[in-house]
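Written out below as C-alpha cells is the structure these notes cover.
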Amino acid sequence: SCLQKKILDYFEGD
Amino acid sequence: MLELRLTQAGLLKKVLESIKDLVTDANFDCSATGFSLQAMDSSHVALVALLLRSDGFEHYRCDHNISMGMNLGNMAKMLRCASDDDTVTIKADDGSDTVTFMFESPSQDKISDYEMKLMDIDSEHLGIPEAEYQAIVRMSASEFARICKDLGTIGDTVIISVTKEGVQFSTKGDIGTANIICRKNTAVDKKEEATVIEMAEPVSLTFASRYLIAFTKATPLAGQVTISMSYDMPIVVEYKMETMGYMRFYLAPKIEE
C-alpha cells in the first residue's frame, strides 16, 4: 500500500 | 487603497473556476509584484500558487501590501456575473472588510458593482524553494486533461514516468490496467500540441488521480502544461498565462510504505 505524503513534508512555513 | 483593472474578466473567471473546488478560502496577496495567492487544499496534499503580474493589468494601484481573505466559491459566483469581455476592476479601501468587483461592458453601456465580504483567514505561507527538477515535460494541456480524466475512471492513482523518449501515464484498478505513452514530438502543426522532454534522470512517481483531475480545471488558461518532477519534491503542474503570470499546482506523491 502507498502512503500519501503531505505538502508540509517538503515545504516549510516562512 | 487598492485598485486593479483587468480588461479581460474572462481570465479572472477561468482562474477562479480552476481553483474553487480545490481550495475553499484563501488570502489574495497584493504587492508591487502582483496579485497572488498561495493555499493548500483541506487535506494538505496539494498546494495552489497563483501569480497575476502587476504589469499584466491595465491599471494596477496597490499603495501597500495587503492581504484579502476571500471565500473562493463566493468570489467565483460574483465573477460569473461578468461577461468574458467585460473589464473588471477590483477595489478595496484601506482597512475595509469588503472588496468591490466592478464590471464594465466593452461599449461602457452596462456597469455593475458587486461588493463581497472579506474574511479573516489564518493561513500559513510556505516557502517554496527554487528547485532544479530531474524531469520536465511540456505537453498539450488538453491532452493532459484527457489522460487524467480517462485514467481516473480506471484507477485511483496514476504513475507518471519520464524517460528521454517520452512520458508514460499508468493506472491500475479493480477492472484492469491502463498505460498511455506520449512520445516526445516537436514536429507538430500547432506548437501547443508539441511534447517536449527535458530530463537529467528518469523519474517515476505515483499520484492520486483525483488531484491531477482537479488541476486540469485550469486547462482553459493555457495551451500547454508544464509538468516538473523530482524524487524528493512534489510534482508541479503549471499553466502559464501569456503575459499575466502562472497557475501552479503542487502535489505530494504517494510513497511505498
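Could you tell me which of the pairs B:77/B:149; B:149/B:217; B:77/B:110; B:172/B:254 are separated by over 22 angstrom between their Cα atoms in the structure shown?
B:77/B:149
Report the per residue volume, in Å³, of the convex hull enclosing the C-alpha atoms of the protein assembly as shown.
Spelled out: Cα convex hull of the protein assembly as shown, divided by residues, is 139 Å³.
For chain B, calculate the relative contact order in percent as a whole number, restricting contacts to Cα pairs under 8 Å that are 6 or more residues apart.
21 percent
For segment B:144-189, what does the equivalent ellipsoid look like in terms of its semi-axes, each the square root of 5 times an eigenvalue of the Cα gyration tensor, given largest first in whole Å?
22, 12, 7
Trypsin sites (Lys or Arg not before Pro), restricted to segment B:137-234: which are DSSP loop and have at most 13 other Cβ atoms within 10 Å?
Those that pass, being in a loop and sparsely packed, are B:164, B:190.
With Rg and the Kirkwood Rh both taken from Cα atoms, where does Rg over Rh land for segment B:49-172?
Value, to two decimals: 1.08.
Leaving out same-chain residues fewer than 8 places away, which aspartates and glutamates sit with a Cα under 20 Å from that of residue B:184?
Excluding near neighbours in sequence, the set is B:143, B:165, B:192, B:193, B:198, B:201, B:238.
Quick one: the Cα spread of segment B:182-257 along its three principal axes, in angstroms, biggest first?
Answer, in whole Å and largest first: 44, 25, 20 Å.
May I ask you to derive the FRET efficiency for residue B:180 and residue B:125 from their Cβ-Cβ distance with R0 = 41 Å, giving the value to the nearest 0.05?
Efficiency computed from Cβ-Cβ geometry: 0.65.
Please find the FRET efficiency linking residue B:67 to residue B:168, where r is the Cβ-Cβ separation and R0 is fixed at 45 Å, and quote it to the nearest 0.05.
So the FRET efficiency works out to roughly 0.65.
Pick out, from B:67, B:136, B:1, the residue whose Cα sits farthest towards the positive end of the charge dipole of segment B:1-139, with +1 on the Cβ of Lys and Arg and -1 on the Cβ of Asp and Glu.
Result: B:136, furthest along the dipole toward the positive end.
Report the Cα centroid-to-centroid distance between segment B:162-231 and segment B:238-257 in angstrom, as an integer.
Rounded to whole Å, the Cα centres lie 12 Å apart.
Restricting to Cα pairs below 8 Å that are 6+ residues apart, what does the relative contact order work out to for segment B:97-190? Please round to a whole percent.
The normalised contact order for segment B:97-190 reaches 15 percent.
If I histogram all Cα-Cα distances within chain B using bins 10 Å wide from 0, what percent of pairs lands in each bin?
7, 29, 33, 20, 10, 1, 0
Measuring from centroid to centroid over Cα atoms, what is the spacing of segment B:133-150 and segment B:1-80 in Å?
24 Å
Suppose R0 equals 22 Å; then what is the FRET efficiency for residue B:53 and residue B:196 from their Cβ-Cβ distance, rounded to the nearest 0.05?
Calculated transfer efficiency: 0.35.
If you line up the Cα atoms of segment B:1-77 on their principal axes, what length do they span on each, largest first, in Å?
36, 25, 18
Please work out how much length the chain gains when fully extended from residue B:98 to residue B:149, using 0.36 nm per residue of separation minus the C-alpha to C-alpha distance, in nm with one decimal.
14.6 nm
Values in this text are rule-based calculations from the coordinates and carry no lab data. This one's a predicted model, so the numbers in the text were calculated from it and none came from an experiment. FYI the Cβ positions are ideal-geometry reconstructions off the backbone, even for glycines, and counts take in every protein chain you see.
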